[in-house]
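Peer 1: Structure provided below as structure tokens; questions to follow.
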Amino acid sequence: MTDVLTQADIDEEIGAAHAAYEKRVADGAPVEHHPRRDYRPYRSSVLRHPRQPLVAIDVSQDPELIELSSPAFGERDITEVDNDLTRQHTGEPIGERITVSGRLLDRDGRPVRGQLVEIWQANAAGRYAHRREQHDAPLDPHFTGVGRTLTGTDGHYRFTTVRPGPYPWRNHVGAWRPAHIHFSVFGSAFTQRLVTQMYFPHDPLFPYDPILQSVTDDAARQRLVAAYDHSLSVPEFSLGYRWDIVLDGPRATWTEEGR
């Protein structure tokens, strides 16, 4: 792979991956639900994807092993502002306020309750509050971009935040990421953690994003895009978006396997 990739290079490789997927489907051959871990259009995966097999832990021999990797946050550690990113600082963050809500579901559509859901995102200018961030957009002193909550008895979660901005990244020449929010869902242990991304409808950057386009199945790709839901909008405060997360099955939400 050369040091400098163009959008044409990325488009060619993504097009080839999509065509290969469509051919496998047409031929009735088994298809992968995740991109290869060394997916070339997403350069970071080539550099850092796992190359060794998974290490199996036999918890039947030592049940405490699972506790060593269980989530560090319990229900009593989550505060009332953890899921409201607009109230975590003394001042108001800059940007369009939004409410993001949905349900965490299993493969049969049943709610998954009591699960830790975390989000992180860029601010309205497209910059993360991270010391290694290199984008020269302004930081917002009243917005950290990190939240968490537990799903309710009906599997629902809810966050109040600001709509993140797109940002440039150095995957290839002229690369920009669509606006998105990262989601992390925990089971009973860190080894059960799933990470995915939620996008916003009608973003013009969708065709140019190698990460989103790594999902070769069009229906699965569309399930990563939230729907505007006016019933979730808070009058005179925020616009609402609905996005469900399905953990398994034919309608499972794409996750960043091996990222």
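Peer 1: Project the alpha carbons of the chain onto their principal axes and report the range along each, largest first, in whole Å.
Peer 2: The principal-axis extents, from largest down, are 51, 50, 36 Å.
Peer 1: Hey, another quick one. Enter the mean projected area of the convex hull around the alpha-carbon atoms of segment 82-130, in nm², rounded to one decimal.
Peer 2: 4.9
Peer 1: Now, a different point. Take the chain, connect every pair of alpha-carbon atoms lying under 10 Å apart with a spring to form a Gaussian network, then pick out the residue of Val215, Val55, Val146 with the largest mean-square fluctuation.
Peer 2: Val55
Peer 1: At 0.36 nm per residue, and after removing the present C-alpha to C-alpha distance, how many nm does the segment from Leu139 to Val31 gain when stretched out fully?
Peer 2: Using 0.36 nm per residue and subtracting the Cα-Cα distance, I get 34.6 nm.
Peer 1: Taking Cα pairs under 8 Å and at least six residues apart, what relative contact order does segment 160-252 come out at, in percent?
Peer 2: 17
Peer 1: Would you compute, from DSSP H runs of 4+ residues alone, the mean residue ellipticity of the chain at 222 nm, taking -39500 (n - 2.57) per run and dividing by the full residue count, rounded to the nearest 500?
Peer 2: -4000 deg cm²/dmol
Peer 1: Applying the Karplus parametrisation 6.51 cos²θ - 1.76 cosθ + 1.60 with θ = phi - 60° to the phi angles of segment 152-164, what ³J(HN,Hα) value in whole Hz is obtained for each residue in order, glycine and proline being reported as x?
Peer 2: x, 5, 9, x, 6, 10, 7, 10, 10, 7, 10, 5, x
Peer 1: From the residues Pro111, Pro250, Ala220, which one has its Cα farthest along the dipole of the chain in the positive direction, the dipole being from +1 and -1 charges on Cβ of Lys/Arg and Asp/Glu about the Cα centre?
Peer 2: Ala220
Peer 1: Output ³J(HN,Hα) for segment 175-180: one whole-Hz value per residue in order, computed from phi by the Karplus curve 6.51 cos²θ - 1.76 cosθ + 1.60 with θ = phi - 60°, and x for Gly and Pro.
Peer 2: Coupling constants for segment 175-180: 7, 10, 8, x, 4, 7 Hz.
Peer 1: Still on this model: Once you treat every alpha carbon in segment 97-161 as an equal point and sum by Debye, what is log10 I(q)/I(0) at q = 0.21, 0.25, 0.28 Å⁻¹?
Peer 2: -0.83, -0.99, -1.15
Peer 1: Along segment 199-207, what does the Karplus equation 6.51 cos²θ - 1.76 cosθ + 1.60 (θ = phi - 60°) give for ³J(HN,Hα), rounded to whole Hz, x for Gly and Pro?
Peer 2: 10, 10, x, 6, 6, x, 8, 3, x
Peer 1: Of the listed peptides 195-201, 103-109, 231-237, what is their order by residue-averaged count of other C-beta atoms within 10 Å, with the highest listed first?
Peer 2: 195-201, 103-109, 231-237
Peer 1: In the Gaussian network model of the chain, springs joining C-alpha atoms below 10 Å, which of Gln192, Gln115, Gln88 carries the largest mean-square fluctuation?
Peer 2: Ranking Gln192, Gln115, Gln88 by mean-square fluctuation puts Gln192 first.
Peer 1: Over the chain, what is the mean sequence separation of C-alpha contacts under 8 Å (at least six apart), divided by residue count, expressed as relative contact order in percent?
Peer 2: Relative contact order, the chain: 24 percent.
Peer 1: Moving on to the next point. Restricting to Cα pairs below 8 Å that are 6+ residues apart, what does the relative contact order work out to for segment 209-259? Please round to a whole percent.
Peer 2: Once divided by the residue count of segment 209-259, the mean separation gives 29 percent.
Peer 1: Taking the Cα atoms of segment 145-259, report the difference between the largest and smallest coordinate on each principal axis, in whole Å and largest first.
Peer 2: Sorted from largest, the Cα extents of segment 145-259 read 45, 40, 27 Å.
No value in this document is a laboratory result; all are computed from the given coordinates. Since the model is a prediction, treat every value here as computed from it, not as a measurement. So basically every Cβ, Gly included, is an ideal-geometry build from the backbone, and we count neighbours across all protein chains shown.
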